[in-house]
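*Asks:* One structure, as structure tokens, below. Some questions next.
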Amino acid sequence: MTDTAPSFRLLPGAPDSPVLLHVPHSSREVPPDVREGILLGDEELARELDHITDSHTAEIAAVAAAAAGTAPWRFVNGLSRLVVDPERFPDEREEMLSVGMGAVYTRTTHHEALRPEGFDAGPLLDRYFAPYARAMTEAVAERLAVAGRVVIVDVHSYPTARLPYELHGEGPRPPVCLGTDAFHTPPALLDAAREAFGGFGGVGTDSPFAGTYVPLAHYGRDPRVSALMVEIRRDLYMSEPGGPAGPGTEALGRALAALVDAVA
């Protein structure tokens, strides 16, 4: 990745599809100059990437796009969330700042130092966070212009066992957790997701992770933008913490396709 190439991809779906699959945390890629600012040794960094990466979620989204009757659009982050986390608030509104994991992480999943004390996050926010946010906002606006509505489905995964950084990890850890927003998640979207993922042993809501992603330009303002976060427990489809994908990947992709078709 270089400054001249975007660190994300917008992959087209059906021209009239309102569905946008957002895959923000699937990559392990850290540019060399960003790597220089990370305190961990190579082995420690590899372990951290095992824990923090939503491995193979881009593959699950790709299966869904291929299987859906009306192909969704996909917005896929090409960089690790250790570069910037595009789903965090970039300011004091972000509650994860309390554990050093705001838009630019300074601590690891196990509370170790990731970047030096006093690290200036500004350059990374300017270089990666702001362009990503603009592009995602533009993608939503373009779908609104064409389809009149947008359904953002955030595709995530989470570990079977709670990691130390989790602020709200004491609750249930169902096979599939659906994150919702009071303004942007209508009951019909939640019901469709429960139906689509009903065959994996249980579907929960907002535990251990809650909320969903909507660009700030639309957040809490535009009811035409609906959104849902799909958090898949990793033991359903891969070896933890950072192992290869298993046969569950295909089944989960088809389930995600069923959700896409139900709301498209």
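The values are calculated or read from the model by the stated rules, or taken from the named source; none is laboratory data. This structure is a prediction, so every number in the text was calculated from the model and none was measured. Neighbour counts are summed over all protein chains in view; Cβ atoms, including those assigned to glycine, are modelled from backbone coordinates with ideal geometry. The protein model used for the area step is the full one, side chains on, heavy atoms only, and it has no ligands, DNA or RNA in it. Shrake-Rupley method; radii C 1.70, N 1.55, O 1.52, S 1.80 Å.
*Asks:* ³J(HN,Hα) across the stretch 51-57 via Karplus (A = 6.51, B = -1.76, C = 1.60, θ = phi - 60°), whole Hz, x for Gly/Pro?
*Replies:* The phi angles translate into 6, 8, 7, 7, 4, 6, 5 Hz.
*Asks:* Report the rotationally averaged projected area of the chain based on its alpha-carbon convex hull, in square nanometres.
*Replies:* If you wrap the Cα atoms of the chain in a convex hull and average its projections, you get 12.9 nm².
*Asks:* A follow-up question, please. What's the ranking of 21-32, 252-263 by average number of surrounding C-beta atoms within 10 Å, highest first?
*Replies:* On the way: 21-32: 20.7, 252-263: 22.7.
With the highest mean Cβ count within 10 Å placed first, the list reads 252-263, 21-32.
*Asks:* Quick check on the chain: of the DSSP beta bridges with both residues there, what percent are antiparallel, nearest 5%?
*Replies:* 35
*Asks:* Just the number please: accessible area per residue for the chain, 1.4 Å probe, all protein chains included, in Å².
*Replies:* Ligands and nucleic acids excluded, the figure is 42 Å² per residue.
*Asks:* Once neighbouring chains are kept in place and the probe is 1.4 Å, which whole percent of the accessible area of the chain is contributed by carbon and sulfur?
*Replies:* 54
*Asks:* If you don't mind, there's one more thing I want to ask. Go through the stretch 32-67 and name the GluC sites (Glu not before Pro) that are in a DSSP coil and have 15 or fewer other Cβ atoms within 10 Å of their Cβ.
*Replies:* E36
*Asks:* In percent, what relative contact order does the stretch 150-264 have, based on Cα pairs under 8 Å that are 6 or more apart in sequence? Could you put the intermediate results ahead of the total?
*Replies:* Values: 197 pairs, mean separation 43.4, N = 115.
Rounded, it is 38 percent for the stretch 150-264.
*Asks:* Pop out the ³J(HN,Hα) list for the stretch 103-113 in order, Karplus 6.51 cos²θ - 1.76 cosθ + 1.60 with θ = phi - 60°, rounded to Hz; leave Gly and Pro as x.
*Replies:* Those phi angles translate into 5, 10, 6, 10, 10, 8, 4, 10, 6, 7, 5 Hz.
*Asks:* Using amide H atoms built 1.01 Å from N in the peptide plane, name the residues 5+ places from G179, or on other chains, whose amide H lies under 5 Å from its own.
*Replies:* Residues meeting the criterion, in which the H sits 1.01 Å from N, are D206, M229, V230, E231.
*Asks:* Taking amide hydrogens as modeled 1.01 Å from N in the peptide plane, which residues meet the under 5 Å criterion relative to Y105, leaving out close sequence neighbours?
*Replies:* D85
*Asks:* In addition: If amide H atoms are built 1.01 Å from N in the plane of the peptide, which residues on other chains or at least 5 residues away come under 5 Å of the amide H of M238?
*Replies:* G246
*Asks:* Determine, for each peptide in 141-150, 65-74, the mean count of other beta carbons within 10 angstrom over its residues, then list the peptides with the highest first. Each step should come with its number before you reach the end.
*Replies:* Numbers: 141-150: 16.1, 65-74: 19.5.
The most tightly packed comes first, giving 65-74, 141-150.
*Asks:* Here's another thing I want to ask about it. From the phi of every residue in the stretch 203-217, what ³J(HN,Hα) in whole Hz does the Karplus formula 6.51 cos²θ - 1.76 cosθ + 1.60 yield, where θ is phi - 60° and glycine or proline is x?
*Replies:* Computed from phi, the couplings for the stretch 203-217 are 10, x, 10, 6, 8, x, 10, 10, x, 7, 9, 9, x, 4, 4 Hz.
*Asks:* Follow-up question, since we're still on this one. Per DSSP helix of 4 or more residues, -39500 (n - 2.57); summed, then divided by the residues of the chain. What does that give at 222 nm, rounded to the nearest 500?
*Replies:* -8000 deg cm²/dmol
*Asks:* Let me ask you something else. Output the Kirkwood hydrodynamic radius of the stretch 154-196, Cα pairs only, in Å rounded to one decimal.
*Replies:* Working: mean 1/r = 0.0818 Å⁻¹.
Kirkwood hydrodynamic radius for the stretch 154-196: 12.2 Å.
*Asks:* Can you work out the FRET efficiency for the pair D91 and D191, with r the C-beta to C-beta distance and R0 = 30 Å, to the nearest 0.05? Walk me through the numbers on the way to the answer.
*Replies:* Values: r = 34 Å, r/R0 = 1.14.
With R0 = 30 Å, the Cβ-Cβ based efficiency is 0.30.
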